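Q: Pasting a structure here, questions to come.
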Amino acid sequence: MRVTVLAAAAPAPAAEPSCYSRLTNEWFCLDYVRDRREEILDATSQHLLITVLAVALGVALAVPLALLARRLPRLESSVLGLSTGLYTVPSIALFPLLVPFTGLTMTTVVIGLALYALTVLVRAFLEGLRSVPDDVRESARGLGYGAGRLLLRVEMPLALPVVMAGLRVATVSTVALTTVGSLVSYGGLGNLIRDGVTTNFRAELLTAAVLCVVIAFVLDALIVLAERLLTPWTRAGRTTRTGRAAA
Amino acid sequence: MRVLQDAWDFLLAAGSWTGEGGMLELLVQQLLLTFTALLLALVVGLPVALGLGHLGRGGFLAVNISNVGRAVPTFALLAVLVTLGWPGTDSFGPYGRAGVATLLALTLFALPPIITNGYVAVREVPADVREAADGMGMTGAQRFWRVELPLALPLVASGVRLALVQVWATATIAALVAGPGLGRVITDGFYRSQYGQGIAGAVVVAVVALLLELLAAGAQRLATRERRDPLATVSTGLHPVG
């Protein structure tokens, strides 16, 4: 019985309209968050899913491309040129261009966003690998490291700080760009924003917008944390480096 | 692949370019929005960025404003501005429906790259060059105009170029809130299930984006070629900047 009473309590009192009713239409409304919890959670999880899939696909494509570009210097400028060209195409224009091939599906959004993430990530991988000092590479070779082991054990770990910086940029912008996916109805929280605009529903609009920013900052913080755990040596190194700079 | 044929037909039909709400009108609208917003952002952002860089203050703010700008979805900001009492969907002369809201959002999004690059550009002037200027007895203002600004200019220019392309892209998103610009061709196509039209609009937007990028790159190259060796122009004082 208690449950029904509680459930009825939210929309029932006609004398005092809830803060998200048509009459009041407030920007901040906890009642809205409570009553539409499922809808908000669904949108948030779709948003996270699209973001994570897109960034993962971006990384999966960026690594081989970066390695290829490094091996074949003539290819490097065209890879970088292509990625710059792609980045100038607005996301709202990219999704329609993919639709003939992938239809109005989540795949369209994931591929589109992965392409954007790719442009940042290829650059980050190339710069990261370039930041590895040549003498370190030579000493590893002198110690008998083969190409594969050199890459995995020496170059990748040393490139990690630059790569992670790129990953942060790619992730944060992917979270924001996911909202545009609402054009093909797979925009995660973007769907709520679009609905909020068309129906002039302020609480829905602002809740979704704030959640987007929160997701971006949380994912950013998680990547920073992962980087700290993965590269414990950089903290020790940083103090000596700044010490030297000050001297 | 029927839609590709539809898109091609739409691009070739004269009726889709001319008249009220035709692509030409929307194109002009979006170019107008882009350049006005960029100009506003330059007027507001550049003095702040260069001043902070010159004084060496507010670095945390200048660098982190880019991260914040990246995290806030353009679509969300536009949506909030349009739903507010002001600017709302007020029409603004040749800028079209929700012109004020769009201009405001675009200006806000042009600011981060301009401020961050402007600040970093001035800060990255080598310390010994700065010290040499002080040693020669230059005042703070002289040091800024004759030393820091000429050396910072290439990086400032690349920030402006980045902002230009970003603003163009952002202007397209205005259509998601029924705002002005070419994005409307895309959204209309989608909402009416005429995907050919949506694709045609996307092609036009993408082509103009690439053209703007190429134009900006060319302009930047021209601007930096004039003073290829900034240190030389500083020392001979042949090109007083100001």
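Q: Would you confirm whether any residue within segment B:143-150 is out of contact with any strand residue (DSSP E or B) (no Cβ under 7 Å at 6 or more places or on another chain), open to solvent by 40 Å² or more (accessible area, probe 1.4 Å) and at pLDDT 90 or above? I'd like the intermediate steps shown before the answer.
A: Our first condition is that a residue be out of contact with any strand residue (DSSP E or B) (no Cβ under 7 Å at 6 or more places or on another chain); within segment B:143-150, this holds for B:143-150.
Narrowing further to those that are open to solvent by 40 Å² or more (accessible area, probe 1.4 Å): B:145-146.
Imposing the further condition that a residue be at pLDDT 90 or above reduces the set to B:145-146.
For segment B:143-150, residues out of contact with any strand residue (DSSP E or B) (no Cβ under 7 Å at 6 or more places or on another chain), open to solvent by 40 Å² or more (accessible area, probe 1.4 Å) and at pLDDT 90 or above: present.
Q: With (1) within 20 Å of A:R168 (Cα to Cα); (2) more than 18 Å from the chain's Cα centre (by Cα); (3) within 14 Å of chain B (Cβ to nearest Cβ); (4) touching a residue at least 60 places away in the same chain (Cβ under 8 Å) as the list, and A:A66 as the residue in question, which single condition is left unmet?
A: (3)
Q: Now for a separate question. Restricting attention to segment B:160-208, and to residues there that are without any contact (Cβ under 8 Å) to a residue 40 or more places away in the chain and polar (S, T, N, Q), which single residue is surrounded by the fewest Cβ atoms within 10 Å (Cβ to Cβ)?
A: Ranking the candidates gives B:S193 first.
Q: Assuming A:R235 fulfils every condition listed in (1) open to solvent by 10 Å² or more (accessible area, probe 1.4 Å); (2) in contact (Cβ under 8 Å) with a residue 24 or more places away in the chain apart from one, which condition is it?
A: Tallying (1) open to solvent by 10 Å² or more (accessible area, probe 1.4 Å); (2) in contact (Cβ under 8 Å) with a residue 24 or more places away in the chain, A:R235 fails exactly one: (2).
Q: Take the residues of segment A:158-177 that are in contact (Cβ under 8 Å) with a residue 60 or more places away in the chain and closer than 19 Å to A:V110 by Cβ: which is nearest to the chain's Cα centre (by Cα)? Give the derivation first.
A: Of the residues in segment A:158-177, the ones in contact (Cβ under 8 Å) with a residue 60 or more places away in the chain are A:160-161, A:164, A:167, A:170-171, A:174-175, A:177.
Filter once more, so that each one left must be closer than 19 Å to A:V110 by Cβ: A:167, A:170-171, A:174-175, A:177.
Numbers: A:L167: 8, A:A170: 5, A:T171: 2, A:T174: 4, A:V175: 5, A:L177: 9 Å.
So, considering only residues that are in contact (Cβ under 8 Å) with a residue 60 or more places away in the chain and closer than 19 Å to A:V110 by Cβ, the one nearest to the chain's Cα centre (by Cα) is A:T171.
Q: Let me ask something else about it. In segment A:51-75, what residues are over 30 Å from A:F217 (Cβ atoms) and either crowded, with 18+ Cβ neighbours inside 10 Å or in contact with a Phe, Trp or Tyr (Cβ under 6 Å, 6 or more places away or on another chain) (or both)? Before you say what the answer is, go through the steps one by one.
A: Step one: filter segment A:51-75 for residues over 30 Å from A:F217 (Cβ atoms), giving A:64, A:67-75.
A:A69 - this is the single residue of segment A:51-75 that is over 30 Å from A:F217 (Cβ atoms) and either crowded, with 18+ Cβ neighbours inside 10 Å or in contact with a Phe, Trp or Tyr (Cβ under 6 Å, 6 or more places away or on another chain) (or both).
Q: Among the residues in segment A:160-167, are any open to solvent by less than 20 Å² (accessible area, probe 1.4 Å), small (G, A, S) and under 26 Å from A:W233 (Cβ atoms)?
A: Taking every residue of segment A:160-167 in turn, at least one turns out to be open to solvent by less than 20 Å² (accessible area, probe 1.4 Å), small (G, A, S) and under 26 Å from A:W233 (Cβ atoms).
Q: So, one more: Out of everything in segment B:88-107 that is under 18 Å from B:F35 (Cβ atoms) and free of Cβ contacts under 8 Å to residues at least 40 places away in the same chain, what residue ends up being least open to solvent (accessible area, probe 1.4 Å)?
A: The qualifying residue least open to solvent (accessible area, probe 1.4 Å) is B:V100.
Q: If you don't mind, another one. Is segment A:138-158 home to any residue that is acidic (D, E), loosely packed, with under 14 Cβ neighbours inside 10 Å and either at pLDDT 90 or above or on the phi > 0 side of the Ramachandran plot (or both)? It would help to see each step written out before you state the result.
A: Kept after step one, since they are acidic (D, E), are these residues of segment A:138-158: A:138, A:155.
Checking which are loosely packed, with under 14 Cβ neighbours inside 10 Å leaves us with A:138.
The next check asks that each one be either at pLDDT 90 or above or on the phi > 0 side of the Ramachandran plot (or both); those that pass are A:138.
So far as segment A:138-158 goes, yes, one or more of its residues are acidic (D, E), loosely packed, with under 14 Cβ neighbours inside 10 Å and either at pLDDT 90 or above or on the phi > 0 side of the Ramachandran plot (or both).
Q: Still on this structure, I have one more. Only residues that are surrounded by fewer than 15 Cβ atoms within 10 Å (Cβ to Cβ) and either modelled with pLDDT under 90 or within 19 Å of B:F60 (Cβ to Cβ) (or both): list them for segment B:118-138, please.
A: The one that is surrounded by fewer than 15 Cβ atoms within 10 Å (Cβ to Cβ) and either modelled with pLDDT under 90 or within 19 Å of B:F60 (Cβ to Cβ) (or both): B:E124.
Q: Right, next: I need the full set of residues from segment A:207-218 which are open to solvent by 30 Å² or more (accessible area, probe 1.4 Å), within 10 Å of chain B (Cβ to nearest Cβ) and of a type in the set (A, V, I, L, M), in order please.
A: Scanning segment A:207-218 gives A:V210, A:L211, A:V213, A:V214.
Q: Separate question: Cβ-Cβ distance below 8 Å, separation of 6 or more or different chains: which pairs start in segment B:50-73 with a residue that is within 14 Å of chain A (Cβ to nearest Cβ) and end on one that is open to solvent by 50 Å² or more (accessible area, probe 1.4 Å) and not acidic (D, E)?
A: Cβ pairs passing all conditions: B:G69/B:L108; B:A71/A:F217.
The values are calculated or read from the model by the stated rules, or taken from the named source; none is laboratory data. No experiment lies behind these values; they were computed from the predicted model shown. Note that each Cβ is placed from the backbone with ideal geometry, even for glycine, and that neighbours are counted across all protein chains shown. Note: areas computed on protein heavy atoms with side chains; ligands, DNA, RNA excluded. Shrake-Rupley method; radii C 1.70, N 1.55, O 1.52, S 1.80 Å.
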